[in-house]
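Structure record follows, encoded as structure tokens.
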Amino acid sequence: MTRTFTATLQPLDTTIPDPALIVLIGAAGSGKSTFAATWNPSQVLELDAFRAMVSDEAGDQQATADAVAALRTVLEARLTRKKTTVVDATNCERAVRAGLVQAARRHGVPAVAVLMGTPVSLCVIRQTARTPDRAVPADTVRAQHTAATTAFPGLRGEGFDHVVFADQLHRLEPLLQRASDTRRADLGWDGNPGLGSLLLVRRVFGDAVLPLWRWAEGSTLAGGDRVAEITLGADRLILALRENVDGQGDYGFDLLTACPVDDECTAPAWAPAHSVTTLLDALTGHLANAPDIVCTVHGDGDDQEADAPEDDLQVPYADEAA
């Protein structure tokens, strides 16, 4: 990518001490958040995230003052502890940068300016892929880009100890190292138990359900297949792990639901659970008319001659799963 900042007599700098206050500078859409993600999440203070914290809307510009105040409070707490901190905001205004440099000076932490060299045309194009509440008008993006470009030669004079171009930094290794460590922990390769069978659960349903997931060991509800529950407060979903889906040896989950044929039937009926959306549909009543629900007594409605269930499936299914 061609850098859009004009050359100066300043020497090329790639130094980022630890600890440091790292100030990302660039227009909306220049890739700041992607670059910031190469640091640990706890080290990154993203202005949009603070807007969301105070207003529930990351793009709520009217919440900016409160968001900045909250961000500064966390920043002061981290710098007091000499923790490396990344400020993910446009930081195109000199007054904003001055406040950040002063905070670093108060706590004896080096201040590093990291400039995003993304062409303004690309920054503008990227706004079209954002949701309306996050998209920044093209004129604003261009103004931000101009301000960042104009600021570059004077950043040393503003008090930054290091001025660095993002495209000169090697940040892929720490990103991959963190991802590798997480993966090794999930697989139990770090000496801990790991996720085990929950790896498949996460792959199908995502991280959110993992703390709510409990295997109902010994349950015979699913005809010998392993049964699990997702429980939160009064809500409860019951699933079965199928290890030979469609006779092809594939793994998958079925969700316990009501019989699609007889409203009075209390025998277990199962619907394929392809993703977390299936779980949501079950809770909101949108799964009732799914065409692929199969009752252990009545089949799917087209096969009324289904074999009778085993004796242990005659009991109410919610109790049997426990």
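The values are calculated or read from the model by the stated rules, or taken from the named source; none is laboratory data. Remember, it's a predicted structure, so these values are computed and weren't measured experimentally. All Cβ positions, even for glycine, are placed from backbone atoms using ideal geometry, and neighbour counts span all protein chains on display.
Just a few scattered comments:
- Members of segment 55-67 found to be free of Cβ contacts under 8 Å to residues at least 60 places away in the same chain, buried (at least 16 other Cβ atoms within 10 Å of the Cβ) and of a type in the set (A, V, I, L, M), listed by number: Ala63, Ala67
- Output for segment 51-73, where each listed residue is more than 21 Å from Ala147 (Cβ to Cβ) and under 21 Å from the mean Cα position of the chain (by Cα): Ala52, Met53, Val54, Ser55, Asp56, Glu57, Ala58, Asp60
- When Thr231 is tested against (1) over 25 Å from Thr38 (Cβ atoms); (2) out of contact with any Lys or Arg (no Cβ under 8 Å at 6 or more places or on another chain); (3) among the polar types (S, T, N, Q), just one condition goes unmet, and that condition is (2).
- Ala321 vs. criteria at pLDDT 90 or above and surrounded by 16 or more Cβ atoms within 10 Å (Cβ to Cβ): no
- Cross-chain or 6+ apart pairs with Cβ under 9 Å, segment 115-134 first and free of Cβ contacts under 8 Å to residues at least 12 places away in the same chain and outside the structural domain of Leu155 (by TED's automatic domain parsing), then acidic (Asp, Glu) and outside any loop (DSSP other than H, G, I, E, B): none
- Summed over segment 194-228, the residues that are of a type outside the set (Lys, Arg), under 24 Å from the mean Cα position of the chain (by Cα) and over 16 Å from Glu243 (Cα atoms) give a count of 11.
- Extreme residue, surrounded by the fewest Cβ atoms within 10 Å (Cβ to Cβ), among residues of segment 76-99 that are hydrophobic (A, V, I, L, M, F, W, C) and assigned to a helix (DSSP H, G or I): Ala95
- Screening Arg134 against (1) surrounded by fewer than 20 Cβ atoms within 10 Å (Cβ to Cβ); (2) in contact with a helix residue (DSSP H, G or I) (Cβ under 9 Å, 6 or more places away or on another chain); (3) over 19 Å from Ala49 (Cα atoms) leaves a single unmet condition, (3).
- Elements of the type helices (runs of 4 or more DSSP H) sitting completely within segment 137-247 and holding at least 1 residues that are free of Cβ contacts under 8 Å to residues at least 40 places away in the same chain, more than 25 Å from Leu122 (Cβ to Cβ) and acidic (Asp, Glu): these cover 172-187.
- Within segment 68-82, residues that are in contact (Cβ under 8 Å) with a residue 24 or more places away in the chain have Cβ atoms under 8 Å from residues that are surrounded by fewer than 11 Cβ atoms within 10 Å (Cβ to Cβ) and not in a helix (DSSP H, G or I) in these pairs: Lys82/Gly108, counting only partners at least 6 apart in sequence or on another chain.
- Against the list (1) surrounded by fewer than 14 Cβ atoms within 10 Å (Cβ to Cβ); (2) at positive phi, the condition Gly159 fails is (1).
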